[in-house]
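Any read-out appearing in this document is the output of simple, stated calculations on the displayed coordinates, not a laboratory observation. Given the structure is predicted, the values throughout are model-derived calculations rather than measurements. Note that each Cβ is placed from the backbone with ideal geometry, even for glycine, and that neighbours are counted across all protein chains shown.
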Amino acid sequence: MKKKTISLVSLLFVTILLASCSASQPKYDDKKTVGSQINYTITGIDAGAGIMSSTQKAITSYGLDDKNWQLQTSSTAAMTSTLDKALKDERPIVITGWQPHWMFTKYKIKFLKDPKNVYGEAENIHTIARKGLKEDEPSAYEVLDRFNWTKEQMSNVMLKVNNGEDPEKAANDWIKKNQSQVDTWTDGVKKVKNREIKLTYVAWDSEIASTNVVAQVLKSIGYDVTIQAMEIQPMWSSIATKAADAQVCAWLPKTSGVFYKDFKGKYDDLGVNLKGARVGLAVPEYMTNINSIEDLKNK
Ligand code: PBE
């Protein structure tokens, strides 16, 4: 009995000790190498994301593997929560970042320069439809083909969803406020009845926003729309096998480039729906001496 109490007390003590250690993790110190302060770890997202394979390439291209830099797989939610905590304590962190995303609106973070152009300068997001959609569902095809918006507009919907709003409601609110723009996507398009459309997407914040907006617009011309979240590879294959009709999530030329190539000939590329997206590594602004991916090796 007594023994048990002692071990419980010591367990409690160790727990408190550990908790206080993690609470007092040191702030970013520009006199020490950045790698040594964060265990040579880049905080990433889900394994399938293009940004993850690009980051593996960056680790090799910039020679970061010489220093045993590694990329940690997690999820967008886990990454942004780790970022949030690091920023509160001004601790160092390197993340996989992309824009449009609310992380760049909510937090003071910056992209690292990429002189070797591993991530590419700017990306455009394309709409991809299954073969035959144009003949089978000309109205849906036409709306999908016309759909395009800006980074700011996408960020706007994303931010609302991040603040807890239901994605469908956030999409509808955005449509109401931007009705004249949305009208240009549907003007003159024949309404339909009892027709189904299936959109697939990966549940990244940016794609949740765009897919919900497009789904609501297709509903407004009479379609019965389902949206289904999946991993990136199945999403592309759902279009190639015609199990789904379209997706609006193709970041090109680099981020989704592998899938674009692998499935070539098995889809229609309806062109750009958003211009000037960006992908890369990002750090908090207070890491003032870290401005390029090269600095991760040298500073
Ligand atoms: N992302 C968001 C995706 C595309 C959209 C940058 C996380 C990726 O494949 O990396």
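Would you mind telling me which residue in Thr82, Thr255, Thr186 has the biggest mean-square fluctuation in a Gaussian network model of the chain, where springs connect alpha carbons within a distance under 10 angstrom? Maximum fluctuation in the GNM of the chain, among the listed residues, is at Thr82. I need the helices of the chain that pass two filters: whole DSSP H segments spanning 20 Å or more by Cα along the axis, and mean Kyte-Doolittle score no lower than -1.0. Once both thresholds are applied, what remains is 2-23, 205-220.
Are there trypsin sites (Lys or Arg not before Pro) in the stretch 195-282 that DSSP marks as loop and that have at most 11 other Cβ atoms within 10 Å, and which are they? Here the sparse-neighbourhood loop sites are Lys264. Spatially, the stretch 240-291 and the stretch 84-108 are offset by 21 Å when compared through their Cα centroids.
Between Ile51, Ile128, Val118, whose Cα lies farthest towards the positive end of the dipole of the stretch 41-134 when Lys and Arg beta carbons carry +1 and Asp and Glu beta carbons carry -1, centred on the Cα centre? Final value for the positive-end residue is Ile128. Exceedance of the 20 Å cut-off in Cα-Cα distance is limited, within the set Lys116/Lys261; Lys67/Lys88; Lys27/Lys108, to Lys116/Lys261; Lys67/Lys88.
If you run the Gaussian network model on the chain, springs between alpha carbon atoms under 10 Å, then out of Asn212, Asn172, Asn39 the most flexible one is Asn39. Distance between the pseudo-spin-label points of Gln72 and Tyr286 (7 Å out from Cα toward the beta carbon): 1.8 nm. Shape analysis of the chain places it in the prolate category; the axes a ≥ b ≥ c from the Cα gyration tensor give an a/c of at least 1.5, with a/b above b/c. Within the shell of other residues whose beta carbon sits under 14 angstrom from the beta carbon of Glu168, the net charge comes to +1, with Lys and Arg scored +1 and Asp and Glu -1.
The dipole here belongs to the stretch 123-276: it is taken about the Cα centre, uses +1 on the Cβ of Lys and Arg and -1 on the Cβ of Asp and Glu, and is about 220 debye. Between Thr60, Thr43, Thr80, the residue with the greatest mean-square fluctuation in the GNM of the chain (Cα pairs under 10 Å linked by springs) is Thr60.
Across the chain, the mean sequence separation of Cα contacts (distance under 8 Å, 6 or more residues apart), normalised by length, yields a relative contact order of 30 percent. For the stretch 78-185, the list of trypsin sites (Lys or Arg not before Pro) that fall in a loop by DSSP and count at most 13 other C-beta atoms within 10 angstrom reads Lys108, Lys116.
Where a ≥ b ≥ c are the square roots of the eigenvalues of the C-alpha gyration tensor, would you call the stretch 148-240 rounded, which needs a/c under 1.5, or, failing that, prolate if a/b is larger than b/c, or oblate?
Values: a/c = 1.79, a/b = 1.03, b/c = 1.75.
Here the stretch 148-240 falls in the oblate category.
When +1 charges are put on Lys and Arg Cβ atoms and -1 charges on Asp and Glu Cβ atoms, the dipole computed for the chain relative to its Cα centre reaches about 780 debye.
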